[in-house]
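Notes to accompany the following structure.
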């Protein structure tokens, strides 16, 4: 009887989504990443569920990154390509290049200084239940330069305790509109089609190119989260956040991000108030590189940006 049902379902073209394989390309971003590259690539190669290919992008490194990558990738049984830039283009351009060069339906952006558990992809693939999910991510914790786990988790324990799969727009309108709760891009696997044309928006950002990718991908579809710690994000003084935090670029990116969300999603009055408060609090916490005031409203340049954002929120009420 079971065989008859199975044959009938095949005859009418029924496909069990769980029988489909989730094919994943890994895009490795590298610029002078020699220090952490062995940890990064080893954690990819040694996955219990192998990726379908590795696209290694070297952004004109001046150290031994390229040589080391070849040394590590060559013995692996995973298909790989190494693409070298002759001039530095930056993370956003490299991400887009990697997405375009990748051949799988799903793409995992793996930054050079992060690493993951050996069962990262295995756990991500377990969440693959339907074709409606555009973003998969797992819990991440920060580590220092020696792989020591730091005290604070990115997502507070009281915020997200369990695995979930929810509507993408709802996640933006209740979470990502306020702050980026997908704290590290290396913990994310995207559906490739969900990122089509995203570069038109990414190129506007110096810092939060990852945040706009999440929000853009979640204009439709769903987002799934694995509450197991599977990703480890490196905190050090050479990171993009460390480089730009407190600068005008940093706050301009925040305003640009919040404005995009207001223009493309339906945000409740309560969450709009929280968005405004978070902008104020972020400046209070981080300060400015060229202004001693702790009140963003008094900043000679950013004060006007804050007022514009405030006015925009009032118009939406």
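So here's what we get for this one:
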quantity	calculated
Filtered residues of region 205-245 (kept if surrounded by fewer than 16 Cβ atoms within 10 Å (Cβ to Cβ) and over 27 Å from residue 39 (Cα atoms))	219, 220
Any chance residue 68 is in contact with a helix residue (DSSP H, G or I) (Cβ under 8 Å, 6 or more places away or on another chain) and either assigned by TED's automatic domain parsing to the domain that holds residue 235 or more than 26 Å from residue 200 (Cα to Cα) (or both)	yes
Region 44-76: number of residues that are assigned to a loop (DSSP other than H, G, I, E, B) and under 23 Å from residue 230 (Cα atoms)	8
Test for residue 221: is it at pLDDT 95 or above, in the same structural domain as residue 106 (by TED's automatic domain parsing), touching a strand residue (DSSP E or B) at 6+ places or on another chain (Cβ under 9 Å) and on the phi > 0 side of the Ramachandran plot	yes
Qualifying residue in region 118-129 (condition: at pLDDT 95 or above and within 24 Å of residue 208 (Cβ to Cβ))	yes
Residue in region 177-190 that is at pLDDT 95 or above and farther than 21 Å from residue 91 by Cα present	yes
The listed residue being surrounded by fewer than 20 Cβ atoms within 10 Å (Cβ to Cβ) and at pLDDT below 95, out of 144, 52, 63	144
Among (1) at pLDDT below 95; (2) within 25 Å of the chain's Cα centre (by Cα) - the single one residue 301 does not satisfy	(2)
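Table: residues versus (1) under 23 Å from residue 174 (Cβ atoms); (2) surrounded by fewer than 16 Cβ atoms within 10 Å (Cβ to Cβ).
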{"site": "273", "(1), (2)": "yes, yes"}
{"site": "276", "(1), (2)": "yes, no"}
{"site": "281", "(1), (2)": "yes, yes"}
{"site": "288", "(1), (2)": "no, no"}
{"site": "293", "(1), (2)": "no, yes"}
{"site": "297", "(1), (2)": "no, yes"}
{"site": "301", "(1), (2)": "no, yes"}
{"site": "308", "(1), (2)": "no, yes"}
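The values are calculated or read from the model by the stated rules, or taken from the named source; none is laboratory data. Worth saying up front: this structure is predicted, and the values here are computed from it rather than measured. In this analysis, Cβ positions are derived from the backbone assuming ideal geometry, glycine residues included, and neighbour counts consider all displayed protein chains.
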